[in-house]
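J.: Below you'll find the structure I mean.
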Amino acid sequence: MQGCILTGVWVIAHECGHHAFSDYQWLDDTVGLILHSSLLVPYFSWKYSHRRHHSNTGSLERDEVFVPKKKSGLRWWAKHFNNPRGRFLSITIQLTLGWPLYLAFNVAGRPYDRFACHYDPYGPIFSDRERLQIYISDAGVLAVAYALYRLVLAKGVGWVISVYGVPLLVVNAFLVMITYLQHTHPSLPHYDSSEWDWMRGALSTVDRDYGILNKVFHNITDTHVAHHLFSTMPHYHAMVATKAIKPILGEYYQFDGMPVYKAIWREAKECLYVEPDEGDKDK
């Protein structure tokens with residue numbers, strides 16, 4: 001339960017990164033830095049890479065994370081994981097190690113021409129004007145890591161693992177699951193540079209139903225389409241906005257009410273790669 005609550009805290013920090021928390025950028029960045037650092041997330045680093053995700057959603061060349069592979073780009077080992085045991089192993093690794101591997105090694109992220117890391121101020125993810133803030137992000141994570149070290153000395157390893165470590169694993173698992181299921185679905189298109197535009201990309205996402213956790217997660221789960229259309233909108237307006245845009249978007253609004261534990265298994269089974277449509281070019 002603590003992990004679920006802390007996932008909600010993570011979402012508030014995510015809103016700070018979108019300048020959706022207050023009217024003041026300095027306040028958003030201060031709150032976001034404190035909250036994300038407390039969860040060992042480099043605030044400014046993720047803020048900038050996540051904004052680029054919003055600017056390039058659905059693009060096969062420029063989107064930042066969970067970009068599907070083309071059929072021709074599948075690695076040789078992919079066929080060995082296309083079975084129940086392999087899918088279970090892939091999902092387990094994804095939910096436990098996926099987030100730290102993405103931050104540290106850009107695993108499942110956009111390919112760059114050299115090593116990319118969210119902790120590297122001089123990495124290819126960031127521009128020159130952003131590098132000082134990446135140092136601040138790293139300092140925030142190191143400060144919390146040191147505080148945890150002092151807490152271990154005072155309370156013991158077992159206490160810190162129980163009170164902080166296990167809930168953090170839950171946060172990381174939900175974060176990866178939510179993002180994966182928002183951008184992975186058999187009906188979601190992805191576009192190459194010849195067809196992509198921002199609106200098509202923003203609509204290439206799907207709302208999901210997490211039951212009572214929708215409220216705990218500040219509705220980031222079931223209002224994600226609206227969030228991509230209006231990323232500076234506070235979460236407490238998202239339900240009203242979603243209700244308003246549904247009749248306007250019509251068939252272009254995507255929602256799947258399948259229980260998420262079934263959905264992640266289905267997507268891992270069916271969403272293995274993308275390939276070009278051979279029929280009507282308008283689809």
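J.: For segment 1-147, restrict the atom set to alpha-carbon positions and state the Rg and Dmax in Å.
T.: Gyration radius and largest Cα-Cα distance of segment 1-147: 16.7, 51 Å.
J.: While we're on this one: Taking only the Cα atoms of segment 159-233, how large is their convex hull per residue, in Å³?
T.: Spread over its residues, the Cα hull of segment 159-233 gives 122 Å³ apiece.
J.: Using only Cα atoms, tell me the angle between helix 43-55 and the longest principal axis of the chain; keep it within 0 to 90° and round to the nearest 10.
T.: Approximately 10 degrees, to the nearest 10.
J.: How large is Rg/Rh for the chain, to two decimals, with Cα atoms and a Kirkwood Rh?
T.: Answer for the chain: 0.96.
J.: Probe radius 1.4 Å, ligands and nucleic acids ignored: give me the carbon and sulfur share of the accessible area of the chain as a rounded percent.
T.: Ligands and nucleic acids excluded, carbon and sulfur reach 64 percent.
J.: What's the center-to-center distance, using Cα atoms, between segment 17-54 and segment 89-147 in Å?
T.: 14
J.: Further, regarding this structure: Compare Ile34, Ile161 by solvent-accessible area with a 1.4 Å probe and give them largest first, with all protein chains kept in place.
T.: Ile34, Ile161
J.: When ligands, DNA and RNA are left out and all protein chains stay put, how many square angstrom of accessible area per residue does segment 181-283 have with a 1.4 Å probe?
T.: 57
J.: I'd like the accessible area for Val240, computed on protein heavy atoms only with a 1.4 Å probe and all protein chains in place. Round to 10 Å², please.
T.: Roll a 1.4 Å probe over it and Val240 shows about 110 Å².
J.: Roughly how many Å² of Cys16 are accessible to a 1.4 Å probe, to the nearest 10?
T.: Its accessible surface works out to 0 Å², give or take rounding.
J.: Can you give the accessible area per residue of segment 12-83, in Å², using a 1.4 Å probe?
T.: 47
J.: Moving to a separate point now. To the nearest 10 degrees, how steeply does helix 84-105 sit against the main Cα axis of the chain, on a 0 to 90 scale?
T.: The two axes meet at around 60 degrees.
J.: For Ser187, Ser45, give me the order by solvent-accessible area with a 1.4 Å probe, most accessible first, ignoring ligands, DNA and RNA.
T.: Descending order: Ser187, Ser45.
J.: Shifting gears a bit: Exactly which GluC sites (Glu not before Pro) in segment 6-73 are in a DSSP loop and have at most 14 other Cβ atoms within 10 Å?
T.: Loop-located and lightly packed - Glu61.
J.: What figure in square angstrom, to the nearest 10, would you give for the accessible area of His218 with a 1.4 Å probe?
T.: Around 50 Å² of this residue is reachable by solvent.
J.: At 222 nm, what helix-only mean residue ellipticity would the chain give, in deg cm²/dmol to the nearest 500, using -39500 (n - 2.57) for each DSSP H run of four or more?
T.: -16500 deg cm²/dmol, from helical runs alone.
J.: Along the charge dipole of segment 1-271, which of Asn172, Ala20, Thr30 sits closest to the positive end, that is, farthest toward it, with unit charges on the beta carbon of Lys, Arg, Asp and Glu (+1, +1, -1, -1)?
T.: My answer, from the dipole projection, is Asn172.
J.: Let me ask something else. Whose amide H sits under 5 Å from the amide H of Lys70, counting only residues 5 or more places off or on another chain, with H placed in the peptide plane?
T.: Those lying under 5 Å, H to H, from Lys70 are Val274.
J.: Nearest 10 degrees is fine. How inclined is helix 2-17 to the longest principal axis of the chain, computing both from alpha carbons?
T.: 80
J.: OK, next. For segment 192-267, report the convex hull volume of the alpha-carbon atoms normalised per residue, in Å³, without decimals.
T.: That works out to 109 Å³ per residue.
J.: Suppose every Lys and Arg Cβ carries +1 and every Asp and Glu Cβ carries -1, with no other charges. What dipole size does the chain come out with about its Cα centre, to the nearest 20 debye?
T.: I would put it at about 900 debye.
The values are calculated or read from the model by the stated rules, or taken from the named source; none is laboratory data. Computed from a prediction, not measured in an experiment: that's the story for all the values here. All Cβ positions, glycine included, derive from the backbone under ideal geometry; neighbour counts span all protein chains shown. Heads up: the accessible areas ignore ligands, DNA and RNA and are worked out on the full protein's heavy atoms, side chains in. Shrake-Rupley method; radii C 1.70, N 1.55, O 1.52, S 1.80 Å.
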